[in-house]
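Here the structure is laid out as structure tokens; the discussion comes afterwards.
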Amino acid sequence: MVASGSWPFQVNLLKSQGEPVGSVIPQEGATGWADTTMMHIDAANPNCAYMWMEHTLSSNLQSDLSVWFGAVPSVPAACSDGRGMQTQEGCDANGLADFEKIRFWTTPTANCSQGEGACVPYYRWVSDYIGVIGGR
């Protein structure tokens with residue numbers, strides 16, 4: 001059986017339970033994204049917010065989170081500096097070795113600054129996406 005639309009943590013979890021699964025990134029590439037943390041412009045305690053953001057970028061935390069979630073850490077050193085549970089092999093299994101095949105998700109816009117044919121307006125993206133999931 002071939003399934004699509006999974007994350008590395010799903011594959012890792014099933015493998016840890018002895019299930020015969022694997023994953024591959026198609027030659028066309030795959031969609032990825034990066035979660036972000038932002039601070040509100042009127043944050044009541046901006047110094048605390050900056051301290052929290054700095055903490056979230058620590059190699060140790062990034063390493064352990066990437067193991068728990070099955071993702072590539074935001075801090076590349078977290079793959080191999082030994083400060084956490086992650087290893088270079090784990091990072092590669094979660095997609096780091098195939099990073100050039102990942103196209104990061106962006107929100108479609110009606111105003112395409114890259115010229116005709118380089119992007120799709122949002123209304124068209126939604127229509128095409130519904131067609132794909134609906135089997136058109």
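The values are calculated or read from the model by the stated rules, or taken from the named source; none is laboratory data. In this text, all values refer to a predicted model and were calculated from it rather than measured experimentally. Here the Cβ positions follow ideal geometry from the backbone for every residue, glycine too, while neighbour counts run over all protein chains shown.
Figure legend. Inter-residue proximity from region 110-136: first residues on the phi < 0 side of the Ramachandran plot, second residues surrounded by 10 or more Cβ atoms within 10 Å (Cβ to Cβ) and modelled with pLDDT of 75 or more, beta-carbon distance below 7 Å, spacing 6+ or different chains. Indicated pairs: ALA110/TYR122. Within region 82-105, one or more residues are of a type in the set (A, V, I, L, M, F, W, C), more than 15 Å from PRO8 (Cα to Cα), touching a strand residue (DSSP E or B) at 6+ places or on another chain (Cβ under 6 Å) and touching a residue at least 24 places away in the same chain (Cβ under 8 Å).
Please find, among SER16, SER80, the residue that is of a type in the set (S, T, N, Q), modelled with pLDDT of 90 or more and over 14 Å from the mean Cα position of the chain (by Cα). Working first, answer last.
Working: SER16 fails: modelled with pLDDT of 90 or more.
None of the other options fit; the residue is SER80.
Working only within region 31-62, note down all residues that are hydrophobic (A, V, I, L, M, F, W, C), at pLDDT 90 or above and surrounded by 10 or more Cβ atoms within 10 Å (Cβ to Cβ). Within region 31-62, ALA43, CYS48, ALA49, MET51, TRP52, MET53, LEU57, LEU61 meet the criteria. A count restricted to region 40-81 and to residues that are without any contact (Cβ under 8 Å) to a residue 12 or more places away in the chain, assigned to a loop (DSSP other than H, G, I, E, B) and farther than 26 Å from SER6 by Cα stands at 6.
Restricting attention to region 20-30 and to residues that are free of Cβ contacts under 8 Å to residues at least 60 places away in the same chain and surrounded by 10 or more Cβ atoms within 10 Å (Cβ to Cβ), the residue that is farthest from LYS101 (Cα to Cα) turns out to be VAL21.
Selection over region 85-136 of residues that are touching a Cys at 6+ places or on another chain (Cβ under 8 Å), more than 21 Å from GLU28 (Cβ to Cβ) and either at pLDDT 80 or above or among the small types (Gly, Ala, Ser) (or both) gives a count of 5. Of all the numbered requirements in (1) more than 18 Å from MET85 (Cα to Cα); (2) in contact (Cβ under 8 Å) with a residue 24 or more places away in the chain; (3) not in a loop (DSSP other than H, G, I, E, B), LEU13 misses one, and that requirement is (1). Only one of the numbered conditions (1) modelled with pLDDT of 85 or more; (2) surrounded by 10 or more Cβ atoms within 10 Å (Cβ to Cβ) is not met by TRP7, and that is (1). Only a single criterion out of (1) at pLDDT 85 or above; (2) in a helix (DSSP H, G or I); (3) closer than 30 Å to TYR129 by Cα is not satisfied by GLY22, namely (2).
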